[in-house]
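For reference, the structure is listed below as structure tokens.
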Amino acid sequence: MTLLFFVYFSLVSIAAGVLTVALRNPVHCGLALLTMLLHVAGLFVLLNAEFLFAVQVIVYAGAILVLYLFVLMLLNLKTDERYLHARYAVILFAAAAICGEMLILVLRSPYAGMKGDAPAEAILQDGDSYAVGIKMFSDYLLPFEIVGVFLLGAIIGAIVLAKTPTAADVEHEP
Amino acid sequence: MIPLSAYVAVSAILFATGLIGVLVRRNFIIVLMSVEIMLNAANINLVAFSHYLESMAGQIVALFVIAIAAGEAAVGLAIIIVVFRGKLSTNVDEMNLLKW
């Protein structure tokens, strides 16, 4: 049963990822991206990461994707005749080389390592959110605070960048 | 039981898709979407290793990756709006203002 779900989620997420890159209309690409995000969230459930599943659906599919779709509607883009980069043949060759290197690295990796202190039974006992919370607010407290400051900076940067320039701003320009 | 390498293979395929999208597509918004695909591939890898190596660190880092992706999307889309206001286009091969 798990295998069936794994095959479904992985195949659909790969297909949706390819469609995101390949479709012409940007709105269709956004909807394909939504499909991919939801199926990746399904993969998280198979890996006993329910908290990440919820965060993926709420933050990615709920917030980030809506931001993308709002910007797409705000800009009202025309679908171009040519949707690839001007020098895409050269770039595609470089991308194929990088993908080949990645394939070699993946095939040669041993995937073994020292086991940590959180086996599946221990996580399932109190739930994944409990385990993530305990770890996040003890060992990873400083990174958590830094992410808060980072998000504040990102909000201020986005507001300042996207602000419509007023007449007073234009006068100050040299 | 699904082997770890299956998850790694899925994540590698998704990452390659996103990489090709970043390099090949012309619309800047689609380029940002491809970056999201790559970040998601990295997240699958982190969570899969966290599950199979029985450590919580991977899931915590995946949460931080999602936070960084949110910030990146906000700032990137703001930059797109600024560029679009000046040039009425979001094509990456027409953005050459910083070139000398």
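Odds and ends about this structure:
- Selected residue (criterion: farthest from residue B:50 (Cα to Cα)) from residues of the range A:15-31 that are within 9 Å of chain B (Cβ to nearest Cβ) and surrounded by fewer than 20 Cβ atoms within 10 Å (Cβ to Cβ): A:23
- Taking the listed residues B:71, B:86, the one that is free of Cβ contacts under 8 Å to residues at least 24 places away in the same chain, farther than 26 Å from residue A:124 by Cβ, more than 8 Å from chain A (Cβ to nearest Cβ) and small (Gly, Ala, Ser) is B:86, with no other qualifying.
- Odd one out for residue A:72, checked against (1) more than 21 Å from residue B:15 (Cα to Cα); (2) part of a helix (DSSP H, G or I); (3) touching a His at 6+ places or on another chain (Cβ under 7 Å): (3)
- The residue that is nearest to the other protein chains (Cβ to nearest Cβ), counting only those in the range B:10-39 that are out of contact with any Gly (no Cβ under 9 Å at 6 or more places or on another chain) and under 17 Å from residue A:44 (Cβ atoms), is B:10.
Here's the yes/no breakdown for (1) in contact with a helix residue (DSSP H, G or I) (Cβ under 7 Å, 6 or more places away or on another chain); (2) within 28 Å of residue A:134 (Cα to Cα); (3) among the hydrophobic types (A, V, I, L, M, F, W, C):
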{"residue": "B:14", "(1), (2), (3)": "yes, no, yes"}
{"residue": "B:33", "(1), (2), (3)": "yes, no, yes"}
{"residue": "B:55", "(1), (2), (3)": "no, yes, no"}
{"residue": "B:98", "(1), (2), (3)": "no, no, yes"}
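Yes or no, residue by residue, for (1) loosely packed, with under 11 Cβ neighbours inside 10 Å; (2) touching a residue at least 40 places away in the same chain (Cβ under 8 Å); (3) within 23 Å of the chain's Cα centre (by Cα); (4) assigned to a helix (DSSP H, G or I):
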{"residue": "A:121", "(1), (2), (3), (4)": "yes, no, no, yes"}
{"residue": "A:134", "(1), (2), (3), (4)": "no, no, no, yes"}
{"residue": "A:149", "(1), (2), (3), (4)": "yes, no, yes, yes"}
{"residue": "A:155", "(1), (2), (3), (4)": "no, no, yes, yes"}
{"residue": "A:159", "(1), (2), (3), (4)": "no, no, yes, yes"}
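- The criterion of being more than 7 Å from chain B (Cβ to nearest Cβ) and not hydroxyl-bearing (Ser, Thr, Tyr) does not hold for residue A:44.
- The one condition in (1) over 24 Å from residue A:45 (Cβ atoms); (2) modelled with pLDDT under 90 that residue B:55 fails to fulfil: (1)
- Unmet criterion (only one of (1) more than 13 Å from the chain's Cα centre (by Cα); (2) of a type outside the set (S, T, N, Q); (3) facing chain A (nearest Cβ under 7 Å)) for residue B:49: (3)
- Qualifying residue in the range A:83-98 (condition: hydroxyl-bearing (Ser, Thr, Tyr) and either modelled with pLDDT under 85 or not assigned by TED's automatic domain parsing to the domain that holds residue A:21 (or both)): yes
- Every test in (1) at the interface with another protein chain (Cβ under 7 Å from one of its Cβ atoms); (2) over 22 Å from residue B:37 (Cβ atoms); (3) in contact (Cβ under 8 Å) with a residue 12 or more places away in the chain; (4) under 24 Å from the mean Cα position of the chain (by Cα) is passed by residue A:77 save one, and that test is (2).
The values are calculated or read from the model by the stated rules, or taken from the named source; none is laboratory data. This one's a predicted model, so the numbers in the text were calculated from it and none came from an experiment. Quick reminder, even Gly has a Cβ in these numbers, built from the backbone with ideal geometry, and neighbours come from all protein chains shown.
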